[in-house]
Amino acid sequence: MSGLENVVVAETEMSMVDGAKGALWLRGVPVAELAPSVETALSLFGLSGDLESARVSAQAHPQTVVTGPPIDSVRATVASLPSDASPATLIATVALATARSVRASAEFGGQTEHAAALLRAIRRSEVTTAEARAFARYLVTVADHGMNASTFAARVVASTGSDLVSAVTAALGALKGPLHGGAPGPVLDMLDAIAESGDAIGYLEAKLARKERIMGMGHRVYRVRDPRAAVLSGALEELAAGAPSPRLALAREVEQVAERLLAARYPERSLRANVEFYTAILLEALQIPRELFTCVFACGRVIGWCAHFEEQQRTGRLLRPRAKYVGAVPTREFSCAADGE
Ligand code: COA
């Protein structure tokens, strides 16, 4: 019962995750075959709206700045949208609020493609076609992933008949938690430390001896390598375009050593690289600041949240599970009426 593991809470046509086979389909398309385009993903998920004009309108909406990590300002800005905002408005606002959380004056510029516009707004520098393509590949790869915690949060809100803005605000709150959207930053810290010492085996063995987890390895659902890791590793290769990439070479070496050490320690498990491992290296290669990694994840996953919101609303059914009471028992029999109801 703990953690709702393996509990089916909804039927969905959005994505299929097979943890044993390492398969992931989004709307019936294997993740590796998705077109690297946010616009295409939008229509794949049955969402309507024009992202280009939504981006223009989003620029007129003020950023709400709150103390805390950038994701807090993204959440607060989304929460301040009018409650009838459309999916395109939500997607554009999450993107702009992400860029503005590091630079208040961030604007989208003239790009027609969402991924290029967002990457340029974050970096405030020109973006090559290869970079835009790699970033779009990342955004669509993480667009949806079964009944993950933030998507579940969005569906619970949708099921009450509430609005999309409230659902995405709740989802952002869930994504912020380190157990959900927070691993890529620590993956880079690990690679930095190994690059400095030049001793992957020593670093990882010491980590395991201290009973610490190796970031970017293992998954609640996948018992084989996360299929998204292969897609993002491929995107990195494409981005490098044949030029040697010492960071990617180091990452591959660390992945191999980590898998070997984890297999020796947990022979009954299969602890392999997950999506966060190569997310970290790809976002770094795209010069996205580490503190924005969770927000950038939200920029992709918001597509799934909007699609799940609509799917949940169509069911018209309230999500209302039960709790098993294990608390104190009254010391005497009493009726509610007698106690003043
Ligand atoms: N490094 C070291 N040990 C790990 C590990 C990792 N990355 N992942 C799992 N383990 C160990 C656990 O500590 C556990 O050991 P124990 O029984 O001695 O406590 C054992 O392997 C079984 O864990 P499992 O049931 O497969 O993991 P989980 O479902 O509870 O957790 C994660 C899944 C993703 C939370 C976990 O693998 C993890 O913390 N990974 C690192 C963080 C990360 O990359 N998160 C992003 C996920 S997309």
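Checking the structure you have, find out if any residue of segment 135-142 is of a type in the set (Phe, Trp, Tyr) and within 15 Å of the ligand (Cβ to nearest atom). Please lay out each step first, then the result.
Start the filter on segment 135-142 by keeping residues that are of a type in the set (Phe, Trp, Tyr), which leaves 135, 138.
Restricting the remaining residues to those that are within 15 Å of the ligand (Cβ to nearest atom) gives 138.
Yes, segment 135-142 has at least one match.
Only one residue in Ala193, Ala200, Ala241, Ala206 is within 21 Å of Val140 (Cβ to Cβ) and hydrophobic (A, V, I, L, M, F, W, C). Which one? Give the derivation first.
On the way: Ala193 fails: within 21 Å of Val140 (Cβ to Cβ); Ala200 fails: within 21 Å of Val140 (Cβ to Cβ); Ala206 fails: within 21 Å of Val140 (Cβ to Cβ).
The conditions single out Ala241.
Taking Leu236 and the conditions (1) more than 16 Å from the ligand (Cβ to nearest atom); (2) surrounded by fewer than 20 Cβ atoms within 10 Å (Cβ to Cβ), which numbered condition does it fall short on, given that it satisfies the others?
(2)
Every residue, every condition in (1) without any contact (Cβ under 8 Å) to a residue 60 or more places away in the chain; (2) within 19 Å of Ala174 (Cβ to Cβ), yes or no:
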| site | (1), (2) |
| --- | --- |
| Asp50 | yes, no |
| Ala54 | yes, no |
| Gln59 | yes, no |
| Val66 | yes, yes |
| Asp72 | no, yes |
| Pro82 | no, no |
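Looking at Ser150, Ser162, which one is more than 9 Å from the ligand (Cβ to nearest atom), part of a loop (DSSP other than H, G, I, E, B) and among the polar types (S, T, N, Q)? Lay out the reasoning, then the answer.
On the way: Ser150 fails: part of a loop (DSSP other than H, G, I, E, B).
Testing whether each residue is more than 9 Å from the ligand (Cβ to nearest atom), part of a loop (DSSP other than H, G, I, E, B) and among the polar types (S, T, N, Q) leaves just Ser162.
Could you please tell me which pairs satisfy a Cβ distance under 8 Å, a separation of 6+ or placement on different chains, a first residue in segment 215-240 that is in contact (Cβ under 8 Å) with a residue 40 or more places away in the chain, and a second residue that is aromatic (Phe, Trp, Tyr) and away from the ligand (no atom under 12 Å from the Cβ)?
Going by the 8 Å Cβ cut-off, the qualifying pairs are Leu232/Tyr138; Ala235/Tyr138.
Within segment 172-210, track down each residue that is away from the ligand (no atom under 11 Å from the Cβ), surrounded by 17 or more Cβ atoms within 10 Å (Cβ to Cβ) and not in a helix (DSSP H, G or I).
Listed by number, the list holds a single entry, Lys176.
Out of the residues in segment 1-31 meeting the condition of being loosely packed, with under 13 Cβ neighbours inside 10 Å and outside any loop (DSSP other than H, G, I, E, B), tell me which one is modelled with the highest pLDDT.
Leu4
Six or more apart or on different chains, Cβ under 8 Å: which pairs go from a residue in segment 277-304 that's more than 14 Å from Arg137 (Cα to Cα) to one that's surrounded by 22 or more Cβ atoms within 10 Å (Cβ to Cβ) and polar (S, T, N, Q)? Could you list them?
Pairs that qualify, where the first residue is more than 14 Å from Arg137 (Cα to Cα) and the partner is surrounded by 22 or more Cβ atoms within 10 Å (Cβ to Cβ) and polar (S, T, N, Q), are Leu292/Thr98; Leu292/Ser101; Phe293/Thr279; Cys295/Thr98; Cys295/Ser101; Ala298/Thr98; Gly304/Ser15; Gly304/Thr151.
Scanning segment 143-154 for residues that are of a type in the set (Gly, Ala, Ser) and in contact (Cβ under 8 Å) with a residue 40 or more places away in the chain, which turns out surrounded by the most Cβ atoms within 10 Å (Cβ to Cβ)? Even if it seems obvious, please write down each step before you answer.
First pass over segment 143-154, keeping only residues of a type in the set (Gly, Ala, Ser): 143, 146, 149-150, 153-154.
Remaining after also requiring in contact (Cβ under 8 Å) with a residue 40 or more places away in the chain: 143, 146, 150, 154.
Numbers: Ala143: 27, Gly146: 16, Ser150: 26, Ala154: 30.
This residue is Ala154.
Scan Arg314, Arg301 and give me the residue that is at pLDDT 95 or above and surrounded by fewer than 22 Cβ atoms within 10 Å (Cβ to Cβ). Step through it out loud before you land on a result.
Details: Arg301 fails: surrounded by fewer than 22 Cβ atoms within 10 Å (Cβ to Cβ).
Matching residue, one of Arg314, Arg301: Arg314.
Could you go through segment 251-273 and let me know if any residue there is part of a helix (DSSP H, G or I), hydrophobic (A, V, I, L, M, F, W, C) and farther than 22 Å from Glu205 by Cβ.
To start, the set of residues in segment 251-273 that are part of a helix (DSSP H, G or I) comprises 251-265.
Within this subset, residues satisfying the condition of being hydrophobic (A, V, I, L, M, F, W, C) are 251, 254, 257-258, 261-264.
Restricting the remaining residues to those that are farther than 22 Å from Glu205 by Cβ gives none.
Scanning segment 251-273, I find no residue that is part of a helix (DSSP H, G or I), hydrophobic (A, V, I, L, M, F, W, C) and farther than 22 Å from Glu205 by Cβ, so the answer is no.
What about Leu250, is it assigned by TED's automatic domain parsing to the domain that holds Met190, over 15 Å from Met217 (Cα atoms) and not small (Gly, Ala, Ser)?
Values: assigned by TED's automatic domain parsing to the domain that holds Met190: yes; over 15 Å from Met217 (Cα atoms): yes; not small (Gly, Ala, Ser): yes.
Spelling it out, Leu250 is indeed assigned by TED's automatic domain parsing to the domain that holds Met190, over 15 Å from Met217 (Cα atoms) and not small (Gly, Ala, Ser).
Considering every residue within segment 293-305, establish whether at least one is assigned to a helix (DSSP H, G or I), over 25 Å from Ala10 (Cβ atoms) and more than 16 Å from the ligand (Cβ to nearest atom). Talk me through it step by step, then tell me what you get.
Applying the first criterion (assigned to a helix (DSSP H, G or I)) to segment 293-305 yields 293-305.
If we keep only those that are over 25 Å from Ala10 (Cβ atoms) as well, we get 293, 295-296.
Right, trim to more than 16 Å from the ligand (Cβ to nearest atom) and you get 295.
Yes: one or more hits.
Farther than 18 Å from Thr141 by Cα and either aliphatic (A, V, I, L, M) or within 12 Å of the ligand (Cβ to nearest atom) (or both): which single residue out of Arg213, Arg228, Arg260 fits that description? Break it down stepwise before answering.
Numbers: Arg228 fails: farther than 18 Å from Thr141 by Cα; Arg260 fails: either aliphatic (A, V, I, L, M) or within 12 Å of the ligand (Cβ to nearest atom) (or both).
After ruling out the rest, the residue left standing is Arg213.
Go over the candidates Ser270, Ser245 one by one and state the one that is touching a residue at least 24 places away in the same chain (Cβ under 8 Å), on the phi < 0 side of the Ramachandran plot and within 12 Å of the ligand (Cβ to nearest atom). Spell out how you get there, then give the answer.
Working: Ser245 fails: within 12 Å of the ligand (Cβ to nearest atom).
Among Ser270, Ser245, only Ser270 is touching a residue at least 24 places away in the same chain (Cβ under 8 Å), on the phi < 0 side of the Ramachandran plot and within 12 Å of the ligand (Cβ to nearest atom).
Of Val140, Val127, Val157, Val102, which residue is surrounded by 20 or more Cβ atoms within 10 Å (Cβ to Cβ) and not in a helix (DSSP H, G or I)?
Details: Val140 fails: not in a helix (DSSP H, G or I); Val157 fails: not in a helix (DSSP H, G or I); Val102 fails: surrounded by 20 or more Cβ atoms within 10 Å (Cβ to Cβ).
From the options Val140, Val127, Val157, Val102, the qualifying one is Val127.
The values are calculated or read from the model by the stated rules, or taken from the named source; none is laboratory data. Note that the coordinates shown come from a computational prediction; the quantities given were computed from them, not determined experimentally. Quick reminder, even Gly has a Cβ in these numbers, built from the backbone with ideal geometry, and neighbours come from all protein chains shown.
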